[in-house]
Amino acid sequence: MIEFDGIPVAGGSRVGRAALYEESPGTVIPLVPSGRPEAELERLAQALVEAREGLSRLRESLGGDSSIGEIFRAHAQMLEDLRPEIEGQIGAGATAEHAVSRVMHQKAELFASSDNPALQNHRRDIEDLERRVLRALAGLAPEGPTTDDEDGPRVVVARELTPSEAAGLQGQHVVGLALERGGATSHTAVIAKSLGIPCVMGVEGLTQKVAPGDTVWVDGTRGVVVVNPDPDTVRRARSLGDRYERLEAVLLRESHLPAETLDGHRVVLLANVEYPMDVEAGIERGVSGVGLYRTEFLYDPARGLPSEEEQVESYRATLQRIGDGRLTVRTFDFGADKEMPRAGPPEPNPAMGLRSLRWCFANPDLFLAQLRAILRVAAEGDVRIMLPMVGSIEEVWRAKAMIRQAARELESEGTEHRPDPPIGVMIEIPAAAVIADLLAREVDFFSIGTNDLIQYDLAVDRVNPQVAGLFRPSHPSVLRLLQGVLKAAAEASIPVSICGEMGGHSIYAALLLGMGIREFSLTPGYVPRVRRLVRTLTLRRARAIAAQCLLLRTAEEIEAHLHSRVTPVGMG
Ligand code: PEP
Ligand code: MG
């Protein structure tokens, strides 16, 4: 029995026999002069038709999930975008194979060489396309893992999977995915989540240790893969998996219930949104709006930043889906671990570099286009503007001046808009928490981004697995910062929500409730859990728990106290 740690990508716990998938070796196509560009162009055109048809078949097979369909629609668009360059190579004498491989390799390498993990993920999309077109040129069907239903449940073990290989798993008896590479934000991850297949990525060295037919346990909730577990472990894995699925189903059925404590205090549950599928998942779980729309995910490096009009369409579509609910649009938070358009020279410390609001100020044309789009949609419903990574009052003034400028422009053009939607700031730099009393006089609301707040407060990189154990939401320093923010907001009578991951974990949700948080904006998957937790507590009890935590001296003591007083919902 060997246990591996990886990145938890899609929750659930399942055991199956290993189906090892090894993609065919890399495609380095030698440059052989074709001498017949016309014929090669014709072959390319035919292969592109087949590739496009394959993509639209995949899209259709994924049924109603438009966000996944969107991934493959973007692939088809990428093919179109790259076509002139490929044709140019053929015109210069290359074979269709060489031209495809060369253009796509260059593009993939560009992504792969990025320091940014999210951009690196796009390498896989390009490689996916390259293989699709090359196979079409060779007259072969697209490849991907195939399993035999007769063999029972299978866990696909691979170095990496492309998005279309992952999508091709539906309908096969695949109960788990364990991959050596890939990240939680990759398209392959999005597809695994949406197909409901427990998935762990980043499991180094896994394929060396697994033989076809080995038993493999994938615990996608904790990010653990166990090869050839002993019988006791298999029993535990199965019962964990059954419990997980039963609880998920029960919690989902509670989505219509109010998030209200036993002593009658209401809590607002909102969704954190990256992709359209998150809006749907939030609605299914009964949220009353979007508390954090991460607009930087609208950026697609292959297609560029969406125009003002395209942004209007995206914001409007979200607003219409949530009906009367609120839509909190966070302005672009590019940089650090998120993809960034118009990136400058590589930065030694991107998390502390020209990112987020700083990047917006350095790119006023793009920032103004976004503000204009938000103000336009704000005329149609409850739309709020949220500024990320604010560290000073001057930044709020500067952003507000740009919002006024956007409103003036729209006014003089006669474009319908709302000039004065509520403006809030994220509290995610310790400086902002420390001056929360001053900031509270400048804005309409706060939203606490604990992912970054903890990172900067404790000097612990939020994406570095080597220091993950030091990332402690329960550190007394974090609690004191939160306490100060809540006090400042209460004195200024402005609402405060929490939108970091901390809010989604039972013990911390109880603590936050007791400290005074009444609005939780959550990854949709966490919503049912937090609703259940709120419904099992009285505010009085939550306050007593929080008061005691604030007297303790270490993260360990605080966690021990929380575990002794709060029964987590499900696995946490
Ligand atoms: C945060 O920092 O807590 C947050 C919600 O924003 P993001 O995770 O997008 O940085
Ligand atoms: Mg943040």
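The values are calculated or read from the model by the stated rules, or taken from the named source; none is laboratory data. Here the structure is a predicted model, which means the values were calculated and not measured. So basically every Cβ, Gly included, is an ideal-geometry build from the backbone, and we count neighbours across all protein chains shown. Ligands, DNA and RNA are stripped out before the accessible areas are found, and what is left, the full protein with its side chains, is counted by its heavy atoms. Shrake-Rupley method; radii C 1.70, N 1.55, O 1.52, S 1.80 Å.
Applying the criterion of being in a strand (DSSP E or B), of a type in the set (A, V, I, L, M, F, W, C) and out of contact with any helix residue (DSSP H, G or I) (no Cβ under 7 Å at 6 or more places or on another chain) to the residues of the range 252-301, the residue that is nearest to VAL534 (Cα to Cα) is VAL268. Do you know which of the residues in the range 315-332 that are crowded, with 18+ Cβ neighbours inside 10 Å and closer than 30 Å to LEU79 by Cβ is nearest to ligand 2 (Cβ to nearest atom)? Looking at residues that are crowded, with 18+ Cβ neighbours inside 10 Å and closer than 30 Å to LEU79 by Cβ, I get PHE332.
If I filter the range 494-509 for residues that are modelled with pLDDT under 95, in contact with a helix residue (DSSP H, G or I) (Cβ under 9 Å, 6 or more places away or on another chain) and away from ligand 2 (no atom under 16 Å from the Cβ), do I get at least one hit? Yes, the range 494-509 contains a residue that is modelled with pLDDT under 95, in contact with a helix residue (DSSP H, G or I) (Cβ under 9 Å, 6 or more places away or on another chain) and away from ligand 2 (no atom under 16 Å from the Cβ).
Of all the listed residues (LEU305, LEU354, LEU292), the sole one being more than 16 Å from ligand 2 (Cβ to nearest atom) and either assigned by TED's automatic domain parsing to the domain that holds ASP457 or open to solvent by 10 Å² or more (accessible area, probe 1.4 Å) (or both) is LEU305. Taking the range 306-360 as the range and being in contact with a strand residue (DSSP E or B) (Cβ under 6 Å, 6 or more places away or on another chain), of a type in the set (Lys, Arg) and assigned to a loop (DSSP other than H, G, I, E, B) as the test, only ARG355 passes.
Sort out which residues of the range 376-391 are within 20 Å of PHE361 (Cα to Cα), away from ligand 2 (no atom under 15 Å from the Cβ) and open to solvent by less than 30 Å² (accessible area, probe 1.4 Å), and write them in order of number.
Let us first name the residues in the range 376-391 that are within 20 Å of PHE361 (Cα to Cα), namely 384-391.
Cutting the leftovers down to away from ligand 2 (no atom under 15 Å from the Cβ) gives us 384-385.
Scanning the range 376-391 gives a single hit, ILE385.
Report yes if some residue within the range 417-427 is of a type outside the set (A, V, I, L, M, F, W, C), in a helix (DSSP H, G or I) and open to solvent by 10 Å² or more (accessible area, probe 1.4 Å); otherwise report no. Outline the logic, then answer.
Applying the first criterion (of a type outside the set (A, V, I, L, M, F, W, C)) to the range 417-427 yields 417-422, 424.
Keeping just the survivors that are in a helix (DSSP H, G or I) gives none.
Taking every residue of the range 417-427 in turn, none turns out to be of a type outside the set (A, V, I, L, M, F, W, C), in a helix (DSSP H, G or I) and open to solvent by 10 Å² or more (accessible area, probe 1.4 Å).
Entry remark, the range 299-340: residues being modelled with pLDDT of 90 or more, closer than 30 Å to ASP128 by Cβ and not basic (Lys, Arg) number 14 in total.
Using the structure shown, decide if VAL478 is within 16 Å of ligand 1 (Cβ to nearest atom), part of a helix (DSSP H, G or I) and open to solvent by less than 40 Å² (accessible area, probe 1.4 Å).
When the stated conditions are applied, VAL478 passes them.
Annotation for the range 399-415: no member residue is part of a helix (DSSP H, G or I), within 13 Å of ligand 1 (Cβ to nearest atom), of a type in the set (A, V, I, L, M, F, W, C) and in contact with a helix residue (DSSP H, G or I) (Cβ under 6 Å, 6 or more places away or on another chain). Among residues of the range 438-467 that are assigned to a helix (DSSP H, G or I) and among the aromatic types (Phe, Trp, Tyr), those with a beta-carbon under 9 Å from a residue that is modelled with pLDDT of 95 or more and within 13 Å of ligand 1 (Cβ to nearest atom) at least six positions away or on a different chain give the pairs TYR456/GLU428; TYR456/ILE429; TYR456/PRO430.
Which residues, counting only those in the range 434-459, are away from ligand 1 (no atom under 13 Å from the Cβ) and either farther than 20 Å from LEU292 by Cβ or of a type outside the set (Gly, Ala, Ser) (or both)?
Initial filter on the range 434-459 (away from ligand 1 (no atom under 13 Å from the Cβ)): 434-445, 458-459.
Those that are away from ligand 1 (no atom under 13 Å from the Cβ) and either farther than 20 Å from LEU292 by Cβ or of a type outside the set (Gly, Ala, Ser) (or both): VAL434, ILE435, ASP437, LEU438, LEU439, ARG441, GLU442, VAL443, ASP444, PHE445, LEU458, ALA459.
Considering VAL485, VAL534, VAL527, the condition of being within 19 Å of GLU559 (Cα to Cα), in contact with a strand residue (DSSP E or B) (Cβ under 8 Å, 6 or more places away or on another chain), buried (at least 23 other Cβ atoms within 10 Å of the Cβ) and of a type in the set (Val, Ile, Thr) is satisfied by VAL534 alone.
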